[in-house]
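Read-outs throughout are calculated quantities, based only on the coordinates presented, and are distinct from any laboratory measurement. Worth saying up front: this structure is predicted, and the values here are computed from it rather than measured. Cβ placement follows ideal geometry from the backbone for every residue including glycine, while neighbour counts extend to all protein chains displayed.
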């Protein structure tokens with residue numbers, strides 16, 4: 001038989017559950033569950049409905065790991081007292097309520113900071129979720145497939161909404177998103193009534209551009225309004241009609257695959273406010289001929305400009321510390337690249353198949369070059385490597401003509417390069433005063 005379980009002054013399986021009497025005015029008292037060693041099972045401490053595991057003894061913290069399947073209404077406690085020691089309940093574990101079809105409502109007490117991945121996935125009868133402002137993180141697929149959920153309010157301290165978080169919540173018509181949210185990952189609200197009710201065109205989720213809905217007309221120019229703080233993952237993916245877009249200074253992040261496949265995009269200015277460019281953000285934008293990455297950007301995601309075959313020049317700022325795997329792979333019109341002194345690592349395949357690349361300058365700061373980073377760069381004529389210590393290379397120059405390329409190294413470093421396995425493949429090594 002299903003049962004409703006809202007914490008009150010009861011005793012279950014030897015576990016006393018009580019409400020603390022001390023509270024500030026207009027503030028709910030903390031909900032306390034009192035347990036002993038006798039309540040310890042293989043799955044954690046059990047109060048009759050919920051299981052808990054200790055995550056820290058300094059400070060004292062526990063997480064909810066799972067629940068009984070036949071409970072309709074559940075309240076997550078604030079304090080779990082174990083043998084007289086008061087542990088704060090700070091998180092709900094991954095898959096804690098996974099496929100719990102009996103669950104209809106959940107009230108999460110103040111103090112819980114994170115809701116794990118897939119925590120409530122498949123709770124098909126869940127209609128009510130109350131989250132406190134203490135929640136800062138809601139995991140991947142946390143409410144995936146909660147088909148009875150009709151409304152949700154995201155707490156004001158959450159900054160990111162992960163992929164598929166509310167995917168398939170077909171009854172979810174009301175979503176309140178706070179100003180704190182600056183990034184939204186792909187398909188977070190796909191298949192919800194909220195999304196289905198949006199008109200064609202730009203769809204906003206809070207202050208983030210979530211998607212372009214419908215078919216975009218050819219030669220479309222978009223000016224994103226001021227106060228927009230982010231462009232969600234996949235927001236303009238496949239919008240081949242997009243010709244140019246203006247991004248305001250308020251935007252701080254460009255999500256994964258945000259402009260992937262926008263083959264008609266010829267012009268974009270990335271403002272100084274942007275600090276990160278997601279994976280595959282501009283992948284396949286073959287109409288782009290040049291791009292300047294601002295000094296504010298510290299990371300360029302994997303495959304960020306993969307397949308931008310029209311790109312002839314790119315400026316990488318001194319703020320970037322790593323060029324990720326395949327970041328510029330297939331940029332077949334790129335003729336030269338200067339890597340800034342801030343970069344320490346060049347990822348695998350970073351410039352693979354850049355067939356027009358003739359010259360590379362690798363700064364002294366680079367210590368490692370990933371597998372096939374410059375493979376198949378058939379037009380390469382010169383490499384300027386400024387470090388006296390040869391960077392570690394893992395097949396970074398495979399499938400190139402070593403005998404046609406001149407490698408320039410610092411004066412006095414020629415023997416060091418000749419004695420390194422990969423660098424020693426170059427037939428022409430010349431010392432240079434950098």
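Across the chain, the mean sequence separation of Cα contacts (distance under 8 Å, 6 or more residues apart), normalised by length, yields a relative contact order of 6 percent. For Cα pairs less than 8 Å apart in space and 6+ apart in sequence, what is the mean separation divided by the residue count of segment 177-219, i.e. the relative contact order in percent? Computed over segment 177-219, the figure is 38 percent. Only Cα pairs within less than 10 Å get springs; with that Gaussian network setup on the chain, which residue of 414, 147, 108 has the largest fluctuation? For the chain, modelled as a Gaussian network with Cα springs under 10 Å, the answer is 414. Taking every alpha-carbon pair under 8 Å whose residues sit at least 6 apart, segment 3-196 reaches a relative contact order of 13 percent.
Ratio of segment 3-196's C-alpha Rg to 2.2 N^0.38 Å, to two decimals? Spell out each step's value before the answer.
Values: Rg = 16.4 Å, N = 194, 2.2 N^0.38 = 16.3 Å.
Computed over Cα atoms of segment 3-196, the ratio equals 1.01.
For 61, 256, 431, what's the fewest-to-most ordering of other Cβ within 10 Å of each Cβ? Don't skip to the answer; put the middle values down first.
Values: 61 17, 256 24, 431 13.
By the 10 Å Cβ count, ascending, the order reads 431, 61, 256.
Counting only DSSP beta bridges with both residues in segment 54-171, the antiparallel share comes to about 30 percent. Beta-bridge orientation, the chain: approximately 30 percent antiparallel, per DSSP, counting only bridges with both partners inside.
A Gaussian network model of the chain, with springs between Cα atoms under 10 Å, assigns the largest mean-square fluctuation among 210, 421, 51 to 421. When the Cα atoms of segment 375-432 are aligned to their principal axes, the ranges along those axes come out at 29, 20, 16 Å in descending order. Hey, how many Å between the Cα centroid of segment 71-104 and the Cα centroid of segment 231-285? Their Cα centres are 40 Å away from one another.
What is the Cα convex hull volume of segment 219-356 when expressed per residue in Å³? Walk me through the numbers before you get to the answer.
Details: hull volume 10.2 nm³, N = 138.
So the per-residue Cα hull volume is 74 Å³.
Residues 83, 433, arranged from fewest to most other Cβ atoms within 10 angstrom of their Cβ, appear as 433, 83.
Indicate the gyration tensor shape class of segment 94-140 (rounded, prolate or oblate), computed on the Cα atoms with a ≥ b ≥ c the square roots of the eigenvalues: a/c under 1.5 is rounded; otherwise a/b larger than b/c is prolate and the rest oblate. Verdict is oblate for segment 94-140.
Averaged over all directions, how much area does the convex hull of the C-alpha atoms of segment 171-229 cover when projected, in nm²? Averaging across all directions leaves 4.5 nm² for the Cα convex hull.
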